[in-house]
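Colleague: Please see the structure below; I have some questions.
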Amino acid sequence: MSKKRRLTGLQPSGNLHIGNYFGALKPFVDEYRNYDSILMVVDYHALTSLKDGPQLRAHILSAVRDYLAVGIDPSSLVLFKQSDVLEHTELAWILDCLVTVPFLMQGHAYKDKLAKGLEANAGLFTYPMLMAADILLYDTELVPVGEDQRQHVEYAREAAAKFNLAFGQTFLEPKEQISANVGVVPGTDGLKMSKSYGNTIPLFGNRDETAQAVMSIVTDSAGDVPANVYAIHKLYKTEAELAPLYESNKGKYKALKEALIEDIEAHVAPMREKRASISDDDVKRVLVEGAEKARAIASAKMADVRQKIGVAL
Ligand code: ADP
Ligand code: TRP
């Protein structure tokens, strides 16, 4: 039986934290081989918020290095960056010409920006159609995303339906795949770990950075077990493994934090080593190969699209 095509895109947005790892990367690594997988670094989406060339370049390189370090094997999927396959922006334009302004005005990303009193650029406004193009170009069946991206996948379905209605059956209507059981990883303050809250434990931090973050975990919980430390510790060890440790260190928050630092270190050290061994040239090579594979699919699709809309003579 052929595998289902499953595609997702990740913004290159700087340093990962352990919330990103346990919430997004690890689940992806655990199951991408079960699908015909496509993973894309959506650098043109990042441009809607980041206007700094050297920084965007660094983030792209760093993002791909992260994926390779956590165990993604580029020969087992298509891994590429969006800007390398020009068909994405081309199809986005065509889809822009099919949807209406009021439809795009309902987009969450755009509405949130306006609600904060900020000015949205036109790229942010049409963001959902670039994402629709990302998905539709590859006859994607499943799109694994977080709950916040559900609407964007609905928009991709809507765009596919509009195109199909206007020009005949061309695009598959994709489905979102929202993992229900991915728990929220708490940050050092007990709230959701997020780079915007400054409460993160870096994924690839060195020992000192990890130690500093762990030591800052808030431990004002009543009782013997520091709840915030335990919640993070559970990501690394089973409850059965942790029971004797927490039993013999009742109330000894510092000792428990030190044990957590050791467990984080043991987990990340091999990945950190692998990451350090990956050069910029390695990353570029992977992206060139990935772009070739992606382009082969996308360009065949666009040849059909250009025929249907009438620009191919
Ligand atoms: P941040 O909140 O730090 O900005 P992003 O929004 O860039 O993180 O999230 C990237 C991915 O990591 C998403 O798939 C998101 O669901 C996941 N993720 C981020 N923070 C957490 C967390 N604290 N717990 C679980 N998953 C998370
Ligand atoms: N908008 C998504 C996010 O911010 C990223 C994204 C872009 C994406 N294109 C995609 C996700 C295609 C899935 C499929 O997380």
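Colleague: Among what's in the range 67-94 and is within 13 Å of ligand 2 (Cβ to nearest atom) and part of a helix (DSSP H, G or I), pick the residue that is most open to solvent (accessible area, probe 1.4 Å).
Modeller: The qualifying residue most open to solvent (accessible area, probe 1.4 Å) is Thr89.
Colleague: Which residue is modelled with the highest pLDDT, if the candidates are limited to the range 177-193 and must be within 17 Å of the chain's Cα centre (by Cα) and crowded, with 19+ Cβ neighbours inside 10 Å?
Modeller: Out of the qualifying residues, it is Met193.
Colleague: Tell me which residues, restricted to the range 264-285, are among the β-branched types (Val, Ile, Thr) and either in contact with a strand residue (DSSP E or B) (Cβ under 6 Å, 6 or more places away or on another chain) or within 30 Å of Leu242 (Cβ to Cβ) (or both).
Modeller: Of everything in the range 264-285, those that are among the β-branched types (Val, Ile, Thr) and either in contact with a strand residue (DSSP E or B) (Cβ under 6 Å, 6 or more places away or on another chain) or within 30 Å of Leu242 (Cβ to Cβ) (or both) turn out to be Ile264, Val268.
Colleague: Turning to a different aspect of this structure: Starting from residues that are open to solvent by less than 80 Å² (accessible area, probe 1.4 Å) and without any contact (Cβ under 8 Å) to a residue 40 or more places away in the chain, keep the ones in the range 278-300 and report whichever is farthest from Lys26 (Cα to Cα).
Modeller: Out of the qualifying residues, it is Ala300.
Colleague: Still on this structure: Could you identify the single residue in Ile264, Ile278, Ile297 that is of a type in the set (A, V, I, L, M, F, W, C) and not in a helix (DSSP H, G or I)? It would help to see each step written out before you state the result.
Modeller: Details: Ile264 fails: not in a helix (DSSP H, G or I); Ile297 fails: not in a helix (DSSP H, G or I).
Every option except Ile278 fails the conditions.
Colleague: Please verify whether the range 118-139 includes one or more residues that are open to solvent by 60 Å² or more (accessible area, probe 1.4 Å), more than 15 Å from ligand 2 (Cβ to nearest atom), under 23 Å from Ser49 (Cβ atoms) and modelled with pLDDT under 95.
Modeller: So far as the range 118-139 goes, yes, one or more of its residues are open to solvent by 60 Å² or more (accessible area, probe 1.4 Å), more than 15 Å from ligand 2 (Cβ to nearest atom), under 23 Å from Ser49 (Cβ atoms) and modelled with pLDDT under 95.
Colleague: In the range 1-37, which residues are away from ligand 2 (no atom under 11 Å from the Cβ) and assigned to a loop (DSSP other than H, G, I, E, B)?
Modeller: Result: Met1, Ser2, Lys3, Lys4, Gly14, Asn15, Leu16, Tyr35.
Colleague: Quick one: how many residues across the range 163-175 are surrounded by fewer than 19 Cβ atoms within 10 Å (Cβ to Cβ) and either within 16 Å of ligand 2 (Cβ to nearest atom) or closer than 21 Å to Lys26 by Cβ (or both)?
Modeller: Adding up the residues that qualify gives 3.
Colleague: On to the next question. Looking at (1) part of a loop (DSSP other than H, G, I, E, B); (2) away from ligand 2 (no atom under 16 Å from the Cβ); (3) more than 16 Å from Leu25 (Cβ to Cβ), which is the only condition Phe204 fails?
Modeller: (3)
Colleague: Okay, moving on. Trp93 is checked against (1) within 16 Å of ligand 1 (Cβ to nearest atom); (2) of a type outside the set (S, T, N, Q); (3) farther than 30 Å from Val214 by Cβ and fails just one. What number does that condition carry?
Modeller: Here Trp93 meets the rest and fails (1).
Colleague: Do we have any residue at all in the range 125-135 that's more than 30 Å from Ala69 (Cα to Cα) and among the aliphatic types (A, V, I, L, M)?
Modeller: yes
Colleague: Residue by residue through the range 145-162, note down the ones that are over 16 Å from the mean Cα position of the chain (by Cα), small (Gly, Ala, Ser) and either open to solvent by 20 Å² or more (accessible area, probe 1.4 Å) or within 16 Å of ligand 1 (Cβ to nearest atom) (or both).
Modeller: Ala161 - this is the single residue of the range 145-162 that is over 16 Å from the mean Cα position of the chain (by Cα), small (Gly, Ala, Ser) and either open to solvent by 20 Å² or more (accessible area, probe 1.4 Å) or within 16 Å of ligand 1 (Cβ to nearest atom) (or both).
Colleague: List every residue pair whose Cβ atoms sit under 7 Å apart, with the two residues 6 or more apart in sequence or on different chains, where the first one lies in the range 20-32 and is in contact (Cβ under 8 Å) with a residue 12 or more places away in the chain and aliphatic (A, V, I, L, M) and the second, anywhere, is away from ligand 2 (no atom under 14 Å from the Cβ) and not in a helix (DSSP H, G or I).
Modeller: Leu25/Val70; Val29/Val70; Val29/Gly71; Val29/Ile72
Colleague: Considering the range 38-66 alone, what residues qualify as being away from ligand 2 (no atom under 12 Å from the Cβ), outside any helix (DSSP H, G or I) and open to solvent by less than 40 Å² (accessible area, probe 1.4 Å)?
Modeller: Hit for the range 38-66 is Leu50, nothing else.
The values are calculated or read from the model by the stated rules, or taken from the named source; none is laboratory data. All of these numbers come straight from a predicted model, not from anything done at the bench. For neighbour counting, all protein chains shown are included, and Cβ atoms are generated from backbone atoms with ideal geometry for every residue, glycine included. Keep in mind that these areas ignore ligands, DNA and RNA; they rest on the heavy atoms of the full protein, side chains included. Shrake-Rupley method; radii C 1.70, N 1.55, O 1.52, S 1.80 Å.
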